[in-house]
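The values are calculated or read from the model by the stated rules, or taken from the named source; none is laboratory data. Keep in mind it's a predicted model, so treat the numbers as computed, not measured. Virtual Cβ from ideal backbone geometry, glycine too; neighbours counted across all protein chains shown.
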Amino acid sequence: MKLHTTVETVTARIQERSRPTRTAYLERLAKTASRPPGAQRLGCANVAHAFAALPVNDKLRVVAERAPNIGIVTAFNDVLSAHAPMQQYPDIIKNEARKHGATAQVAGGVPAMCDGVTQGTPGMELSLFSRDVIAMATAVSLSHDVFDAALLLGVCDKIVPGLLIGALHFGHLPTVFIPAGPMTSGLSNNEKSKVREKAAQGLVGREELLEAESAAYHSSGTCTFYGTANSNQMLLEAMGLHVPGTAFINPGAAVREELTREAVRTVLDITKGKRFAPIGHVVDERCIVNAMVALLATGGSTNHLIHWVAVARAAGIVIDWDDFSALSDVVPLLSRVYPNGSADVNQFQAAGGPGYVIRELLDAGLMHADVLAVRAGGLREFTGIPAAAPNGMLQWTDPGVSKDDSVVRPASAPFSATGGLKLLQGNLGRGVIKVSAVPEDRHVVEAPCRVFDSQEALHHAFNANELNQDVICVVRWQGPQANGMPELHKLTPPLAVLQGKGFKVALVTDGRMSGASGKVPAAIHLSPEAAAGGPLARVRDGDIIRLDANAGTLAVRVTDAEWNARPLAVMPAELCEDNSVGMGRELFAGMRRSALTAEQGACSWL
């Protein structure tokens, strides 16, 4: 299938824009890759330290026999349900590596926080920058420089982008990601949301709310809605960085351990010189475009309009929101998974999953097929569904037709002709909106605004019945420089209640919404942010704001003269103090000061 003209054009302009930085990046990789392996290159004391704790046979392999040595970077902890299954993965990996004459070591661990735990608390203000901490921790782990390949264990929101950014700074290494899969289905996401809305209205108490939440989040594995964590897994499949079809196999499935072992075999197949596929070459401009297309086709998390800008920069590639917008105009929406529909990721997997979506996009000419991947068969291998063969090994089969066309559809009959994300711009700056979950009659909202300096202030106004009207809620001082850009998912229930009463409601903010953001229109990631002198600092209570997702505009209805004459508000002193102390936030002050805009990936390291 011939590549779609828009996909081709966007890729070409990214390649041209990135030429200087990508060239410099590849030159660095070539220089690093030309060195002898670490066990031969490093001094004797260095080598002795690196392998002192290895079993004798492994020492013999890696030093005398010059066997490949795999570095494992793990995000295991058992606070995150998605990461709890990874506790035993290093032992499985080491065992499989030995079977193939190789060795493996846990190079290091990276922090992993659960946004579900920290949502609405001061700890959430560490969340976005934890991505860069994870990237740095990945670099520290691999800086021992005695590895011939890497296996990265991670699933959730900031963890996968952080691991990926860190790994791309060691782009000469063949690298494969290993997930753990989603938890089995519990209380449906729709039912959970209904209980949350009742709680926001005071119709149910804490006991009933906790019972519902515990029925939804009930076991090991990733949360079952299509938020940032599961979007991560979809994008890694589309980038060719997994064992194909690994993303949404449950932790307890019989084939799960064999998929982990296959990851070892996959990375060793590259390491032993059978083919050339280090991660810095796998992740090129075409690979990044494939990830963007997969995000749009599945209505994925808005967080990736920040994270994948940063991931691309780590590989010397420069993308922006105009690229996402151009692709969104031609990429059809092929799946509906909560919050874009009622299905969860287990139903998505049963209906065809990532393999079905990738096949449809490839066949429609909407993804680059001629890309490098961790598998010899390239991206086409990622259209298969894995299962155990009679001999206990793995086999992949074509997903066939959709098993449920209310969940996944072919590119010839999509849910929508365009993608799930839309660029907004106007006198309030540049931002984005996730329209795939928003009813069409809510794509345009024009109403007076209420300006809030914090999430808590909005909740207070809601509880005082001050918002029972058409209203656009502006929540500012929520960007990277102000307070680390926390997710504002706790605002969804009260706004959904107002919308349910028939009012026209929207959120406008320089903060983030969770990957679970849904039916309430939300113009987010406004750049430049208020704390950096952005236009949200000029908005006043009562201003008429028009959010038009169809036209891609977001503006305050005042004359240019009046708008430009308004002074910029200053972040209240109490917020400056509240956002900078306690819960370790003091340690992130340097990151807040140096953070780039959301559209630039909110990077603290450039």
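Residues in segment 543-601 that are surrounded by 16 or more Cβ atoms within 10 Å (Cβ to Cβ), acidic (D, E) and out of contact with any helix residue (DSSP H, G or I) (no Cβ under 9 Å at 6 or more places or on another chain) were compared, and the one that is nearest to P521 (Cα to Cα) is D548.
Quick check, is V176 more than 18 Å from A30 (Cα to Cα) and among the β-branched types (V, I, T)? Yes, satisfied.
Among all residues of segment 497-505, there is at least one that is hydrophobic (A, V, I, L, M, F, W, C) and buried (at least 24 other Cβ atoms within 10 Å of the Cβ). Only one of the listed residues (R17, R61, R13) is assigned to a helix (DSSP H, G or I), under 28 Å from D157 (Cβ atoms) and of a type outside the set (S, T, N, Q). That residue is R17. In segment 114-141, of all residues being modelled with pLDDT under 95 and polar (S, T, N, Q), the one that is surrounded by the fewest Cβ atoms within 10 Å (Cβ to Cβ) corresponds to T121.
Scanning segment 483-497 for residues that are part of a loop (DSSP other than H, G, I, E, B) and either under 20 Å from N190 (Cα atoms) or of a type in the set (D, E) (or both) turns up just one, L488. When we screen A315, A253, A294, A263 for residues that are modelled with pLDDT under 95, within 27 Å of E360 (Cβ to Cβ) and of a type in the set (A, V, I, L, M, F, W, C), the only hit is A253. No other residue among L421, L428 is farther than 30 Å from F382 by Cβ and of a type in the set (A, V, I, L, M, F, W, C) apart from L428.
Name the residues in segment 508-520 that are closer than 20 Å to Y226 by Cβ and free of Cβ contacts under 8 Å to residues at least 40 places away in the same chain, would you? Of everything in segment 508-520, nothing turns out to be closer than 20 Å to Y226 by Cβ and free of Cβ contacts under 8 Å to residues at least 40 places away in the same chain. The set of residues in segment 385-417 being within 23 Å of the chain's Cα centre (by Cα) and in the same structural domain as I288 (by TED's automatic domain parsing) consists of I385 alone. If you go through segment 32-56 and keep only what is within 22 Å of H100 (Cα to Cα), surrounded by fewer than 16 Cβ atoms within 10 Å (Cβ to Cβ) and touching a residue at least 24 places away in the same chain (Cβ under 8 Å), you end up with just Q40. On inspection, G162 qualifies as within 16 Å of S231 (Cβ to Cβ), of a type in the set (G, A, S) and surrounded by 21 or more Cβ atoms within 10 Å (Cβ to Cβ). When P111 is tested against the conditions (1) more than 19 Å from the chain's Cα centre (by Cα); (2) assigned to a loop (DSSP other than H, G, I, E, B); (3) surrounded by fewer than 21 Cβ atoms within 10 Å (Cβ to Cβ), the lone failure is (1). Using the structure shown, decide if V330 is surrounded by 24 or more Cβ atoms within 10 Å (Cβ to Cβ) and not acidic (D, E). Answer is no for this residue.
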